[in-house]
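J.: Here you go, one structure.
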Amino acid sequence: MKKIIAFLRESKSELKKVNWPSKEEVFTSTRVVIISILAIAAVLALIDYVIKTVVFAILGG
């Protein structure tokens, strides 16, 4: 039980040292991630369409 209490105290102490991001930083980072995901999805959709078109043209489908 002493180890658990010591662990919790040390964890609390370490969490006080964390430099938490501001709401603005979180919002900006989230926006960057969402835009990146949409851009990658668009590129993959384009590549898929091109490959599908080429394969159908070759196979005559």
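Bear in mind that the values in this text are calculations on the coordinates, not laboratory data. In this text the structure is predicted, and so the values were computed from the model without any measurement. In this analysis, Cβ positions are derived from the backbone assuming ideal geometry, glycine residues included, and neighbour counts consider all displayed protein chains.
J.: Considering Ile51, Ile58, which residue is in a helix (DSSP H, G or I) and surrounded by 10 or more Cβ atoms within 10 Å (Cβ to Cβ)?
T.: Going through Ile51, Ile58 in turn, the sole match is Ile51.
J.: Let me ask something else. Conditions first: (1) loosely packed, with under 10 Cβ neighbours inside 10 Å; (2) under 21 Å from the mean Cα position of the chain (by Cα). Lys17 passes all but one, so which condition is the exception?
T.: Here Lys17 clears every test but (2).
J.: Which pairs have Cβ atoms under 9 Å, sit 6 or more apart or on different chains, and link a residue in the range 18-38 that is in contact (Cβ under 8 Å) with a residue 40 or more places away in the chain to one that is loosely packed, with under 10 Cβ neighbours inside 10 Å?
T.: Going by the 9 Å Cβ cut-off, there are no qualifying pairs.
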